[in-house]
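**Q** This structure is in structure tokens; I'll ask about it shortly.
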Amino acid sequence: GDENARRPIFVNGEIVHIGTNLEEALRELRDDTDDVILWADQLCINQNDNNEKSQQVQQMKAFYAQANHVIAWIGPAADGSAELFSMLKRTAQNVIEGRFDQIYEDHETDRVLTFVSHSFRRFCEQSYWSRLWIMQEFSVGRHVEAVWGSVSISYPELSVLSNAIFIIPALQEYTGTPRTYAPANEPAKFI
């Protein structure tokens, strides 16, 4: 997130100013009924000590490899993020089960294809994907989950979706019903 945009939080009774992106993630990931233990480099590494930062950065791969659960915080919820993740999870499950007829049926209308196209583009355009750390998060994390607002999708589900990207156009061609997508400048809406 924007390094200049800071928000105050309490850590061990002290006020600490953190980036808005981390503050949004902490608010979304907290659990009002149970303790949640998180490691966030912005809080766990002294950002004012270049020696400590250098030492910790060298250990990042080990941090991700040893973590029980790695959360890839994509950002706060956006229009359609919950619906998109729900659709992606359902599509991933259908790919795993070989239910290609259901995949085609779920993506049969231009309205749905336009929604998925716009929402997935918005997902890919989030600033998270420009960060260097994502290589380590996804390559060595044992259980990686992308969280966008209050919704999440696992890395295995995201991985299996690469098959669906090729399946849907092939099914459309096979059935003789090719679909067109709406122009990129039109808003994504799912009714």
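**Q** Residue by residue through region 50-64, what is 3J(HN,Hα) from phi via Karplus (6.51 cos²θ - 1.76 cosθ + 1.60, θ = phi - 60°)? Round to whole Hz and write x for glycine and proline.
**A** Each residue's phi maps through the Karplus curve to give 4, 5, 5, 4, 4, 5, 5, 4, 5, 9, 4, 4, 5, 4, 5 Hz.
**Q** Whole-Hz Karplus ³J(HN,Hα) for region 65-72, in order, using 6.51 cos²θ - 1.76 cosθ + 1.60 and θ = phi - 60°, x for Gly and Pro?
**A** Couplings: 5, 8, 5, 5, 8, 10, 9, 8 Hz.
**Q** Quick one: dipole size for region 8-74, taken about the Cα centre, charges +1 on Lys/Arg Cβ and -1 on Asp/Glu Cβ, in debye to the nearest 20. Spell out each step's value before the answer.
**A** On the way: 4 positive and 11 negative charges, 66 e Å.
The dipole magnitude comes to about 320 debye.
**Q** Here's another thing I want to ask about it. Quick one: net charge around ASP101, please, counting Lys, Arg +1 and Asp, Glu -1 for every other residue with C-beta under 14 Å from its C-beta.
**A** -2
**Q** Then there's this: Once you place label points 7 Å from the Cα toward the Cβ at ALA77 and LYS53, how far apart are they in nm?
**A** Placing both labels 7 Å along Cα→Cβ, they lie 3.4 nm apart.
**Q** Same structure again: Mind listing the phi-derived Karplus ³J(HN,Hα) values for region 32-41, rounded to whole Hz, using 6.51, -1.76 and 1.60 with θ = phi - 60°, and x for any glycine or proline?
**A** 5, 10, 8, 6, 10, 9, 10, 10, 10, 4
**Q** How much net charge surrounds TRP129 when only other residues with a Cβ under 14 Å from its Cβ are counted (Lys, Arg +1; Asp, Glu -1)?
**A** Working: positive: ARG121, ARG122, ARG131; negative: GLU125, GLU137.
Residues close to TRP129 contribute a combined charge of +1.
**Q** Could I have the simple spin-label model distance between SER130 and ARG111, label points 7 Å from Cα toward Cβ, reported in nm to one decimal?
**A** The two pseudo-label positions are separated by 3.5 nm.
**Q** Multiply the residue gap between GLN102 and ASN4 by 0.36 nm, knock off their C-alpha separation, and tell me the result in nm, one decimal place. Walk me through the intermediate numbers first.
**A** On the way: separation 98, 0.36 × 98 = 35.28 nm, distance 4.67 nm.
Between GLN102 and ASN4, full extension yields 30.6 nm more.
**Q** Same structure again: Cβ neighbours within 10 Å, averaged per peptide: list 4-17, 68-81 in order, most packed at the top. List each step's numbers first, then the result.
**A** Values: 4-17: 9.7, 68-81: 17.2.
In descending order of packing, they fall as 68-81, 4-17.
Read-outs throughout are calculated quantities, based only on the coordinates presented, and are distinct from any laboratory measurement. Remember, predicted model here, so these are calculated numbers, not experimental data. Please note: Cβ atoms are built from the backbone with ideal geometry, for glycine as well, and neighbour counts cover all protein chains shown.
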